[in-house]
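Just below is one structure, and these are the notes that go with it.
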Amino acid sequence: MKIVMLGAPGAGKGTQASMIAENFGIPHISTGDIFRANIKNGTELGKEAKAYMDKGELVPDELTVRLLLDRVAQDDCKEGYVLDGFPRTIPQAEVLEKELEKTGDKIDKAVNVDVPDENIVRRMSGRRACLKCGATYHIVHIPPKKEGICDVCGSELVLRDDDKEETVKNRLDVYHKQTSPLIDFYSKRNVLETVDGTKDSKEVFEDIKKILK
Ligand SMILES: [Zn+2]
């Protein structure tokens, strides 16, 4: 089964993608991982991607799609895969569709993990991180034993810039402009499934399992 994950940044789609991958025995594919692997292995595509990144430019859609197609052509993807963070825009989705069609393939399901913006802002702004050891906490859901102090190494916990309300809102704006139109795109192809992402991640996964069965 070929699955695309949709959902706002912070909705928990990465977590769900990992759980799907593990449960169904298919690879969890994120574009970040593909970039890193190709650059590390010094592939031709990796070199091309790195040239853009070194200049501080975005990797063009066309190259991102080539990297992705190269990844899904590998043996471990024969039974399917979960795409996380791709496609991000309608043009990417269109190129992906066209390329998959060439081999008689298509996306079977697009799973939309739906969480209202205000919940995401609340979730993210409650996060606390230890910059020394990398441990992460949440003031409500995973509080440290002692307020503001890392359980693991005793360092002071901080609210990362990435988790600040304004940063989160900016990311959500970009998502609504660029990525949320994909919900409509996959809905028109009758493969869209929406789950309530405000539930506990285990419950969300139970709902996803029912859909994918
Ligand atoms: Zn720590």
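Under the condition of being among the aliphatic types (A, V, I, L, M) and part of a loop (DSSP other than H, G, I, E, B), which residue from the stretch 139-196 is farthest from the ligand (Cβ to nearest atom)?
Checking each candidate, the answer is 191.
Determine which member of the set 93, 129, 110 is farther than 20 Å from residue 18 by Cα and in a strand (DSSP E or B).
Among 93, 129, 110, only 129 is farther than 20 Å from residue 18 by Cα and in a strand (DSSP E or B).
Testing residue 124 on (1) farther than 29 Å from residue 1 by Cα; (2) away from the ligand (no atom under 16 Å from the Cβ); (3) of a type outside the set (Gly, Ala, Ser); (4) without any contact (Cβ under 8 Å) to a residue 60 or more places away in the chain, one condition comes back false. Which one is that?
Of everything listed in (1) farther than 29 Å from residue 1 by Cα; (2) away from the ligand (no atom under 16 Å from the Cβ); (3) of a type outside the set (Gly, Ala, Ser); (4) without any contact (Cβ under 8 Å) to a residue 60 or more places away in the chain, residue 124 misses just condition (4).
Would you check if there is a residue in the stretch 128-136 being within 16 Å of the ligand (Cβ to nearest atom) and either charged (D, E, K, R) or touching a residue at least 40 places away in the same chain (Cβ under 8 Å) (or both)?
yes
Just checking, how many residues over the stretch 1-30 are touching a Lys or Arg at 6+ places or on another chain (Cβ under 8 Å) and not hydrophobic (A, V, I, L, M, F, W, C)?
Final tally of qualifying residues: 5.
For the stretch 168-213, how many residues meet the condition of being of a type in the set (Asp, Glu) and buried (at least 16 other Cβ atoms within 10 Å of the Cβ)?
Adding up the residues that qualify gives 2.
Can you tell me which residue among 79, 101, 62, 118 is away from the ligand (no atom under 16 Å from the Cβ), surrounded by fewer than 15 Cβ atoms within 10 Å (Cβ to Cβ), at negative phi and assigned to a loop (DSSP other than H, G, I, E, B)?
When all the criteria are applied, what remains is 79.
Cβ-Cβ under 9 Å, sequence separation 6+ or interchain: first residue in the stretch 139-152 and more than 16 Å from residue 125 (Cα to Cα), partner in a loop (DSSP other than H, G, I, E, B) and of a type in the set (Asp, Glu). Which pairs?
145/151
From 85, 32, 10, which residue is in contact with a Gly (Cβ under 9 Å, 6 or more places away or on another chain) and either surrounded by 15 or more Cβ atoms within 10 Å (Cβ to Cβ) or at pLDDT 95 or above (or both)?
85 is the lone residue from the list that is in contact with a Gly (Cβ under 9 Å, 6 or more places away or on another chain) and either surrounded by 15 or more Cβ atoms within 10 Å (Cβ to Cβ) or at pLDDT 95 or above (or both).
The values are calculated or read from the model by the stated rules, or taken from the named source; none is laboratory data. Values in this document were obtained by computation on a predicted structure and should not be read as measured data. When we count neighbours, we look across all protein chains shown, and the Cβ atoms used for this are built from the backbone with ideal geometry, even at glycine.
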